[in-house]
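Report on the structure given below.
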Amino acid sequence: MKVAGSKILIEQKPKTALQKTFLLLEDFFNKLFTPRYNPFYYLGAISSILFIILVISGVYLFIFYRTNNPYQVVQDITEKQWYIGGIMRSIHRYSADGLIIAVILHTIREYLIGRYSHYGWLAWITGLLLLIVTIIIGITGYWLVWDERAQLVALKTSELLSDIPLFIEPISMSFLSNESLDMLLFFVLHLMHLALPVAMVFLIGLHIFRLSRPVIATPRIMTIAIVIMLFAASVIMPATSAPPADLSKIPRDAPFDWFYLFIYPLREIIPLQHFWIILSAITIALFILPWTRRRRLLPAEVILENCTGCEQCNKDCPYEAIRMRFSSDRLPYRAEATVISERCASCGVCVGACDFAAINLPYMTDTRINEGIVKLLSGIKQTDKMPAILLFICTQSAALNTIIDIKDNSVKGMKNVKVIALPCIGMVQPSMIERGFKSGADGLFLCGCLIGDCYYREGNRWLRGRVMGERYPFLSKAIDTGRIREYGVASVNTNKITDEIRLFEGYLNNYNKQKKEMQPREPKVNDMGILRRMIAFSAIPAFLIVFFSMKPIYPFYSKGDSLIKLAIKYPSRYKADCRELTEKETEAKLRHMRKTNSPFSDMRMDCQGERLPINVDVYVDNKNVLSRTYFPTGLKNDGPIFIYEEIPVTTGTHGFKVKIGDSKEGNPLNYVFEKEVGLKSGEVSVINLSGKLL
């Protein structure tokens, strides 16, 4: 017969190299800032704080922003009121970069520790949506400045959207020249930049909807450090605009923000078809990830005959998975607990909260655990030097296979220490502790996650409160708490558990001779020292933000090159010949439905069906640089053909020729356009043939 917890111990999966690396990084920050102030434990809260700062600074900028002359307006805010507007703009900019970093790290961490599956699917899906919306807000924010960087963002975003069939007319055709630019676009972008944060508030609400007591605020010291870092960066390295956008020139020297614009270089590096396949595959894989794990532990079950309706399980559940409902036929108790199975994480925290054995995990019942305690402790051979110790350990806090001998559920090399492995240390109920002492244990060792980093969010906090008599159900006052030791550990430090147990052994051996307090008092944390370290260490992310958002320039365009933009909008001819309508048929049609074969003809024609594709060949100095077939738009291929191509050329004068033809039998289209184009370095020439083929 396997004792309680042995099955879980066997099935514990080893950590991957990436998980170990992340845990080692967290351990480094624990040593630097203590677990109480480890920023990795507050990535979600840091994101919330940065979002609030973004909203506050954004509201200020909104008051002064106008869409009629965006570049000059932003310059006036930055320069004429540098003492407020300039700093607000810089804080807005740097907090945006900080937000995307925090959200990405938060997403990676939640994936590595496995909080995305089953009960956590809603938080995972909304978290991905928040990441996507954050990127979109950042891109539109850069666009609104309308400097060279905004011009680059506009051009590359247009290319990206042009790949999507939903957009019939290439958006790039809106950016052919300064004259063709519609300022109404900035009004739409401004509206989007304001509306999307409102959507984020809604998504944040859904993100934390199933979490009890969500942590949305960082500790005060951390908040102060964030504000000081943003203010210092804004003063030392204020955010400034690049030169104003000019569609007649190539924005090849525009600064580049890798945090928000990383997708554009990927589109350039990876072949277009492969890029969209890879991007789509990654996106779909991330969104279906919660349902890829087949194995799911059974949810908790309520034993109604034992339930008193005390609501403690409802209060302690970290995922809002237990509700209280009224029942008129249960006297003297009118309320009873019920488990929402799809929300249940099978953590067992509710078991530790129930003092009446009214709730259980099906695979690890309260009775089974108590029987396991008795059996394990009865197998210990008592000696004067080896006190009997019962170890309750969380399966998420340590690599159990490295320290536990599953043959007899003891710590390796310590036969006097017997182990009960639980999904969460918060599952330990005061009655289990009492059972341990009554069954012959000289001491109890409670090993869980670090305070502030409980895998199931609050289990270790609730256990500490129960042992200390601060949270119901309380540990009996008859229990000598001096024989209980609580220890928090991360899995990368599993080897330290054995050392701590040996110290506890020595402590128990001397306990009767010289009584001491059971729980060593936590060392006092020097808050000001932590604050100084946080501010000093924040120089690293501040440097990364400045470097990767202002300095690096990805070479979208080669030095010394110029650019020819070819734009064509052409309603190609129908495959089938048009039929002339009779006068009666013409009058029967609504005016807006009357079609003509040509805008210059007054004859009413019945033209319908698919349009012909056209073949386009482009020559520069008699060298073929483009040969492609373009197809009509529309679900029935009955819409016009849109063509937008960028053709890089060297500086100087070039002979430019375009040949356009179709496959109409008997009367094929044979259109040729020739022009001599002279370009200086970095200049853009627009060849717009829209309407000339008719």
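The values are calculated or read from the model by the stated rules, or taken from the named source; none is laboratory data. All values derive from a computational prediction rather than experimental measurement. For neighbour counting, all protein chains shown are included, and Cβ atoms are generated from backbone atoms with ideal geometry for every residue, glycine included. These area figures cover heavy atoms from the full protein model, side chains too; ligands, DNA and RNA do not enter into them. Shrake-Rupley method; radii C 1.70, N 1.55, O 1.52, S 1.80 Å.
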Being more than 30 Å from Trp146 (Cα to Cα) and surrounded by fewer than 16 Cβ atoms within 10 Å (Cβ to Cβ) is the filter here, so list the residues in segment 224-245 that pass it.
Ile224
Has segment 60-77 got any residue that is closer than 28 Å to Phe537 by Cβ, part of a helix (DSSP H, G or I) and either open to solvent by less than 20 Å² (accessible area, probe 1.4 Å) or modelled with pLDDT of 95 or more (or both)?
no
Among the numbered criteria (1) closer than 26 Å to Tyr644 by Cα; (2) free of Cβ contacts under 8 Å to residues at least 60 places away in the same chain, which one does Ile136 miss?
(2)
Kindly check whether there is at least one residue in segment 463-473 that is under 19 Å from Asn370 (Cβ atoms) and surrounded by fewer than 21 Cβ atoms within 10 Å (Cβ to Cβ).
yes
Identify the residue in segment 316-343 that is touching a residue at least 60 places away in the same chain (Cβ under 8 Å) and part of a helix (DSSP H, G or I) and, among all such residues, is surrounded by the most Cβ atoms within 10 Å (Cβ to Cβ).
Asp316
Regarding Ser172, is this residue open to solvent by less than 50 Å² (accessible area, probe 1.4 Å), within 30 Å of Lys636 (Cα to Cα) and in contact (Cβ under 8 Å) with a residue 12 or more places away in the chain?
yes
Open to solvent by less than 50 Å² (accessible area, probe 1.4 Å), of a type in the set (A, V, I, L, M) and not in a helix (DSSP H, G or I): is that true of Leu181 in this structure?
yes
Verdict on Ser48 being among the small types (Gly, Ala, Ser), open to solvent by 20 Å² or more (accessible area, probe 1.4 Å), in contact (Cβ under 8 Å) with a residue 40 or more places away in the chain and assigned to a helix (DSSP H, G or I)
yes
Consider only pairs whose beta carbons are under 7 Å apart and that are at least six residues apart or on different chains; among these, list those whose first residue lies in segment 70-82 and is without any contact (Cβ under 8 Å) to a residue 60 or more places away in the chain and on the phi < 0 side of the Ramachandran plot and whose second residue is open to solvent by 50 Å² or more (accessible area, probe 1.4 Å) and assigned to a loop (DSSP other than H, G, I, E, B).
Val73/Arg66
The residue that is farthest from Leu131 (Cα to Cα), considering only those in segment 247-267 that are open to solvent by 40 Å² or more (accessible area, probe 1.4 Å) and either without any contact (Cβ under 8 Å) to a residue 40 or more places away in the chain or part of a loop (DSSP other than H, G, I, E, B) (or both), is Ser248
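Based on this model, can you work out whether Phe202 counts as open to solvent by 20 Å² or more (accessible area, probe 1.4 Å), farther than 30 Å from Ile535 by Cβ, assigned to a loop (DSSP other than H, G, I, E, B) and not basic (Lys, Arg)?
Working: open to solvent by 20 Å² or more (accessible area, probe 1.4 Å): yes; farther than 30 Å from Ile535 by Cβ: yes; assigned to a loop (DSSP other than H, G, I, E, B): no; not basic (Lys, Arg): yes.
When the stated conditions are applied, Phe202 does not pass them.
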So is Ala357 out of contact with any His (no Cβ under 8 Å at 6 or more places or on another chain), small (Gly, Ala, Ser) and open to solvent by 20 Å² or more (accessible area, probe 1.4 Å) or not?
yes
Determine, yes or no, whether Ile403 is modelled with pLDDT under 90, farther than 28 Å from Asp316 by Cα and crowded, with 16+ Cβ neighbours inside 10 Å.
no
Can you find, within segment 555-592, the residue that is modelled with the highest pLDDT among those that are open to solvent by 50 Å² or more (accessible area, probe 1.4 Å) and within 25 Å of Val649 (Cα to Cα)?
Lys569
Do any residues in segment 667-694 that are under 23 Å from Asn615 (Cα atoms) and touching a residue at least 40 places away in the same chain (Cβ under 8 Å) have Cβ atoms under 9 Å from those of residues that are charged (D, E, K, R) and not in a strand (DSSP E or B), where the two are at least six apart or on different chains, and which pairs are they?
Leu669/Arg573; Leu669/Asp662
Restricting segment 278-313 to residues that are assigned to a loop (DSSP other than H, G, I, E, B) and in contact with a helix residue (DSSP H, G or I) (Cβ under 6 Å, 6 or more places away or on another chain), the one least open to solvent (accessible area, probe 1.4 Å) turns out to be Ala300
Can you tell me which residues in segment 347-383 are on the phi > 0 side of the Ramachandran plot and in contact with a strand residue (DSSP E or B) (Cβ under 6 Å, 6 or more places away or on another chain)?
Gly348
